[in-house]
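The values are calculated or read from the model by the stated rules, or taken from the named source; none is laboratory data. Since the structure is predicted, the reported quantities are computational estimates derived from the model, not experimental observations. Quick reminder, even Gly has a Cβ in these numbers, built from the backbone with ideal geometry, and neighbours come from all protein chains shown. Side chains included, ligands, DNA and RNA excluded: accessible areas come from the protein's heavy atoms. Shrake-Rupley method; radii C 1.70, N 1.55, O 1.52, S 1.80 Å.
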2 protein chains.
Amino acid sequence: CFKHHVMDIMCCGKPSSTASMQAKVQEKSETFKVHLKEKSSQKSAEILSVQYGVNVFLVGLLLMLAVTLHKAGITEEHLLSYLITLMLVQLLWMLWQALRKYKHKDFIKEKDCHAGARWLRGGLTLFAFITLILDSFKLGYFIGYSGCLSAAKGIYSIVHAVFTVSQVYFLWFSAKDVIQSFQTIERFGVIHSVFTNLLLWAFGILSESKHQLNDHKKRLAALGNLTLDYHEPQCNCTTNACTVFASGFYYLYPFYVEYHIFASAMLFVLWKNIGRSLEHHRYRKIKFRSHGAMVGTIAGLIALAITIGVLVYITQVAHSKHKKDSAIILFYSYGVTILTLMSAAGIIGLLIYRVDERPIDNSKNPSRKLDSDLLLASASGSWLIAWGSFLAIICTDKYPPHAWINLPYSLLVILETYAQNLFIIESIHRKHRKTEDEYEVIQRVFSVTNSSSNLLATLHHKSLDEVIKNEKKELPYMTHECIPHVDDHEDNEVHNSTISLSSRRIKLSRKRRILKNIAVFLFLCNISLWILPAFGFHPQYDSGLEERVFDFETWIAVVNLAMPFAIFYRTHSAASLFEVYCII
Amino acid sequence: CFKHHVMDIMCCGKPSSTASMQAKVQEKSETFKVHLKEKSSQKSAEILSVQYGVNVFLVGLLLMLAVTLHKAGITEEHLLSYLITLMLVQLLWMLWQALRKYKHKDFIKEKDCHAGARWLRGGLTLFAFITLILDSFKLGYFIGYSGCLSAAKGIYSIVHAVFTVSQVYFLWFSAKDVIQSFQTIERFGVIHSVFTNLLLWAFGILSESKHQLNDHKKRLAALGNLTLDYHEPQCNCTTNACTVFASGFYYLYPFYVEYHIFASAMLFVLWKNIGRSLEHHRYRKIKFRSHGAMVGTIAGLIALAITIGVLVYITQVAHSKHKKDSAIILFYSYGVTILTLMSAAGIIGLLIYRVDERPIDNSKNPSRKLDSDLLLASASGSWLIAWGSFLAIICTDKYPPHAWINLPYSLLVILETYAQNLFIIESIHRKHRKTEDEYEVIQRVFSVTNSSSNLLATLHHKSLDEVIKNEKKELPYMTHECIPHVDDHEDNEVHNSTISLSSRRIKLSRKRRILKNIAVFLFLCNISLWILPAFGFHPQYDSGLEERVFDFETWIAVVNLAMPFAIFYRTHSAASLFEVYCII
């Protein structure tokens, strides 16, 4: 067998006496049985915990629903107490976790190098910092109106601030852990944290929608279309800062919402990693290098600058009836331009991948799988709104002045999201730069086995893929830590083995530069497209088009449901594009 | 290395000349490059197609939403034309598929033995048959009212009947296929079919809810609580059978709904299998043996008989105000009894698994993964309704007469679903009966390697799990077809190697009998619990409890959203429990 030869090179025989070895075999056999038992209880612990989490989440959602409806029975205090309890439970669990880490320094033996990248944790910290500002604003607002607001609101702000600080600390140091001990309790703890964050995210969206709907009603009232019925506290503010705080909420909620969804995504990866046995393949540290993407950066920055201009203009004219229409047309024209450029960039990127022959990286990676799933799921939010507008335009009988530009806008949203998802997912699944493992291994296999007469017999029995997989497992540089491998060593090897490869690298390099430019351009454009809806500019509320075909209330419900996903889509794809930029 | 020894036994060297071998190596290398390229386009084809499917689905949902709202612009004809188009496209694709199969008899080389079990296809055929009856009823109803119903309804019934027959034919012969050619087009075709079926499922639910809400309103009107405003055709029926047809809808829709969700689940597994390279582990054919579960069968049949009695009683008294309350109390008492027994059975099953040491089967199996995911997702429907009732009871100030029994009922629904999910998922992930591969293999490994001095060195480098995985791959009985392996041969081996195993088997056999009884009892109880809601008995509409805390309209929306999942949960867990019964 060709394996003979590989073995002869790889295996390092340690001679030992037969008796001690048999004892060890016995021991191994016992360990194996325990291992099997652990594996079986692991599966049921997984199901147990996920069911618990779903139930916690459903109860929270129902409480929110009841609170929104303002019916008898369930009040906002009930909801806030529930959320505070959940946060306290999570705090206790994180404390226990921290104590364990402090006592047994080495109780985490393995780390998943793909989870919790440094820039992701950095982003989380930034969002958390702004969330803390929001908490202090809320506390200030509560103190101002303390005469007529329930104490639960004040307690909520304080607990939430403590919770935020502790969670960032926890995630900063534990996001990469692969937990192997106390798995059942750990699973419950982590899934509890995932769903607590999801509930706080939903609560954030609810509060934000309330604020935005209030604002929208105020604007409509100013235009004389609607009588005022929005809710404000029933007493006077005792400090001077209440209005400042209230208008601050408007700009801070988007970050609060993003913070919780990021945290729950990182916790979910932590949960997926519990009890996992890692395949030890080499890990390449992601480095951020700014050079080589000048064109994309400049184009992206121009888009960003224009966006901020548009935002400022729209905020200025929001309360004037005549200028409102022109603001909507401006928004759509701006959108059509930027989306056309982004779609073009995405499609060019895909075409480059079509002519590029890089292999796919199919290794198991929960963090990457979650990224792809979240992209697809959150894109559905954009699609739902876009298709709603599209159907409204082609089916309605009365057209508002901006219908002609709403149509291409909606179609471009769908096209751009479609192409961008493909581009991102294809990028993160490719093997980039010097990680061309398979090419290298296949070369080694063939050079080793050239002299073996049993090769073909073996190949008949196994697929080539399996051969390579086994081969890779046996390569001697398997490590148990997140140590980035050294590029140079491998480079030499590749250069020695074939010369044709290096000439190909030069060609690839140009492609790589184009891809890098596309990634950075799309990154900045996604941030631009995040800014407008996150800070409350939703022409879908104002356009008066969709409500002809769908009911006004229903359409607002659809937008309120889908918009958070559409907004999250932009931050999430920006984060993914940043990663794409670094790995290309 | 210990692998040496294994190799010496396994490998069968075929001597061949060096020149021809090198040519073959060259060829293999080329194939490998093509293979890599295919793999990369496969990933993007997957994302391309799933995004297409989601968009098709969203457009359909929005059309349904608009039609439900009865606003200007989008009418039912638009929706029906859209559905008819989707079905025609799927018909074309299935025709193309059938032609290809007819021309190239061997173009499907591999089959996934876990997909599309015979009893699953049998169930599908049964549901499809009843769906055909519904189609003919609809056609009859259309002919009766043809004066005032749009032609789209008639065409829809005809196309749907053709579609149903073709799809059952297609799934009967293709559900196990692992498609390897024309992957991109195939992916589009299959995902189109998945989402077409999902849309038809949603359309079925919509129509059913309309009928049930109409019926509910009629009942309320009969009790004098509400003025009548349900929709009926505006002309007279030209035949005598219209009322018969209309009341037939009521009993036939549940099957229509189940048919489409089953079909889309089977198609989804087909989609997941496209381009997959199967791990060839031995497949055990599932056999249905009726003996050994007498107690469970009798208890289950009693539950089923009582259910039918309850259904008949409730249908009789539905229109009387006084008896309505007693009917609701009867329903809840019946529910509490059956759910208590089911929870107890599920928990006993789980306890048996806790003391049982059977290993977990962790092999990749899309069909099983889908089963677990669907169980968890659809159980959320039950949980949402149950938590809603629970919160309403503990928060409201006015209690209806049946609140005291609604509380334990809601909690038992949650507990029972929780325990049953754990039981089913644990059962389908265990290695049952004579498939104790791992024990066997580990014994073989140790017997072969006893004399090897390098074993421990190797074990240091690899986890035992990997060793076993490799070992299994190399066992000579790998087959490319779905041939069930012969039990007896393996039995002998196991008996020879250890005697202690056979004494353990007798003990296990008693446990197995208990598990079999539990599975069959739960199976029949799930069918019982399916019958009542599927045929339209929803005390959640009538109880007057939840609408105090949640708004009436909102609560109806929640129930209408969650109930289809809760009903699907029952059929799906019945199907899974049937499988569990067969494999234990």
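Can you tell me which residue among A:Ala392, A:Ala386 is within 21 Å of B:Leu61 (Cα to Cα), of a type in the set (A, V, I, L, M) and modelled with pLDDT under 90? Before you say what the answer is, go through the steps one by one.
On the way: A:Ala386 fails: modelled with pLDDT under 90.
That would be A:Ala392, the only listed residue that is within 21 Å of B:Leu61 (Cα to Cα), of a type in the set (A, V, I, L, M) and modelled with pLDDT under 90.
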Inset, instruction - Tell me, please, whether a residue that is in contact with a helix residue (DSSP H, G or I) (Cβ under 6 Å, 6 or more places away or on another chain) and within 10 Å of chain A (Cβ to nearest Cβ) can be found in region B:397-412. - result: no
Legend entry - Filter result (facing chain B (nearest Cβ under 7 Å) and out of contact with any Asp or Glu (no Cβ under 9 Å at 6 or more places or on another chain)) within region A:41-56: A:Leu48, A:Val50, A:Gln51, A:Val54, A:Asn55
Legend entry - region A:563-574, subset of a type in the set (A, V, I, L, M) and surrounded by 22 or more Cβ atoms within 10 Å (Cβ to Cβ), residue farthest from the other protein chains (Cβ to nearest Cβ): A:Ile567
Inset, instruction - Determine which single condition A:Gly73 fails, assuming it passes every other condition in (1) without any contact (Cβ under 8 Å) to a residue 12 or more places away in the chain; (2) in contact with a Gly (Cβ under 9 Å, 6 or more places away or on another chain); (3) open to solvent by 20 Å² or more (accessible area, probe 1.4 Å). - result: (2)
Legend entry - Candidate set: region A:184-218, residues that are open to solvent by 30 Å² or more (accessible area, probe 1.4 Å) and farther than 24 Å from A:Val67 by Cβ; chosen: the one modelled with the highest pLDDT: A:Phe188
Legend entry - Of the criteria (1) among the aliphatic types (A, V, I, L, M); (2) more than 19 Å from A:Leu86 (Cβ to Cβ); (3) at pLDDT 85 or above, which one A:Ile108 fails: (3)
Legend entry - Failed condition for B:Ser333, given (1) more than 14 Å from chain A (Cβ to nearest Cβ); (2) touching a residue at least 24 places away in the same chain (Cβ under 8 Å); (3) under 27 Å from the mean Cα position of the chain (by Cα): (3)
Inset, instruction - May I ask you to verify whether B:Ile425 is open to solvent by less than 10 Å² (accessible area, probe 1.4 Å), in a helix (DSSP H, G or I) and at the interface with chain A (Cβ under 9 Å from one of its Cβ atoms)? - result: yes
Legend entry - Pick from region A:57-70, criterion farther than 22 Å from A:Phe163 by Cβ, open to solvent by 10 Å² or more (accessible area, probe 1.4 Å) and not hydroxyl-bearing (Ser, Thr, Tyr), ranking: farthest from the other protein chains (Cβ to nearest Cβ): A:His70
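Quick one: count up the residues across region B:77-99 that are open to solvent by less than 30 Å² (accessible area, probe 1.4 Å) and either in contact with a Cys (Cβ under 7 Å, 6 or more places away or on another chain) or away from chain A (no Cβ under 14 Å) (or both).
Initially, region B:77-99 is screened for residues open to solvent by less than 30 Å² (accessible area, probe 1.4 Å), giving B:79-80, B:83-84, B:86-87, B:90, B:93-94, B:97.
Add one more test, that the residue is either in contact with a Cys (Cβ under 7 Å, 6 or more places away or on another chain) or away from chain A (no Cβ under 14 Å) (or both), and what stays is B:80, B:83-84, B:86-87, B:90, B:93-94, B:97.
Summing the residues that are open to solvent by less than 30 Å² (accessible area, probe 1.4 Å) and either in contact with a Cys (Cβ under 7 Å, 6 or more places away or on another chain) or away from chain A (no Cβ under 14 Å) (or both) in region B:77-99 gives 9.
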Legend entry - Members of region B:93-138 found to be farther than 21 Å from B:Arg276 by Cβ, part of a helix (DSSP H, G or I) and out of contact with any helix residue (DSSP H, G or I) (no Cβ under 9 Å at 6 or more places or on another chain), listed by number: B:Leu99, B:Tyr102, B:Lys103, B:Arg118, B:Gly122
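From B:Lys111, B:Lys105, grab the single residue that is more than 22 Å from B:Gly154 (Cα to Cα), touching a residue at least 60 places away in the same chain (Cβ under 8 Å) and either surrounded by fewer than 18 Cβ atoms within 10 Å (Cβ to Cβ) or away from chain A (no Cβ under 14 Å) (or both). Lay out the reasoning, then the answer.
Details: B:Lys105 fails: touching a residue at least 60 places away in the same chain (Cβ under 8 Å).
It is B:Lys111.
Does B:Trp404 satisfy the criteria of being modelled with pLDDT of 90 or more and either in a helix (DSSP H, G or I) or assigned by the TED database to the domain that holds B:Leu339 (or both)? Steps first, answer last, please.
Values: modelled with pLDDT of 90 or more: no; either in a helix (DSSP H, G or I) or assigned by the TED database to the domain that holds B:Leu339 (or both): yes.
Considered against the rule, which asks whether it is modelled with pLDDT of 90 or more and either in a helix (DSSP H, G or I) or assigned by the TED database to the domain that holds B:Leu339 (or both), B:Trp404 comes out as no.
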Inset, instruction - Considering each residue of region B:403-417, count those that are in contact (Cβ under 8 Å) with a residue 12 or more places away in the chain and open to solvent by 10 Å² or more (accessible area, probe 1.4 Å), and give that number. - result: 9
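Look through region A:540-560, keep the residues that are among the hydrophobic types (A, V, I, L, M, F, W, C) and free of Cβ contacts under 8 Å to residues at least 12 places away in the same chain, and return whichever of them is surrounded by the most Cβ atoms within 10 Å (Cβ to Cβ). Outline the logic, then answer.
In the first step, residues of region A:540-560 are kept if they are among the hydrophobic types (A, V, I, L, M, F, W, C); the result is A:545, A:549-550, A:552, A:555-559.
Filter again for free of Cβ contacts under 8 Å to residues at least 12 places away in the same chain, leaving A:552, A:557.
Values: A:Phe552: 13, A:Ala557: 15.
Among them, the one singled out is A:Ala557.
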Inset, instruction - Inspect all residues belonging to region A:372-385 and state whether any of them is open to solvent by 70 Å² or more (accessible area, probe 1.4 Å) and more than 9 Å from chain B (Cβ to nearest Cβ). - result: yes
Inset, instruction - Go through region B:123-140 and count every residue that is open to solvent by 30 Å² or more (accessible area, probe 1.4 Å) and at pLDDT below 90. - result: 0
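The rows are residues; the columns are (1) more than 21 Å from B:Ile306 (Cα to Cα); (2) out of contact with any Gly (no Cβ under 9 Å at 6 or more places or on another chain); (3) assigned to a helix (DSSP H, G or I).
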site: B:Ser528; (1), (2), (3): no, no, yes
site: B:Leu532; (1), (2), (3): no, no, yes
site: B:Phe537; (1), (2), (3): no, yes, no
site: B:Gly544; (1), (2), (3): yes, yes, no
site: B:Glu547; (1), (2), (3): yes, yes, yes
site: B:Glu553; (1), (2), (3): yes, yes, yes
site: B:Ala557; (1), (2), (3): yes, yes, yes
site: B:Phe568; (1), (2), (3): yes, no, yes
site: B:Ser573; (1), (2), (3): no, yes, yes
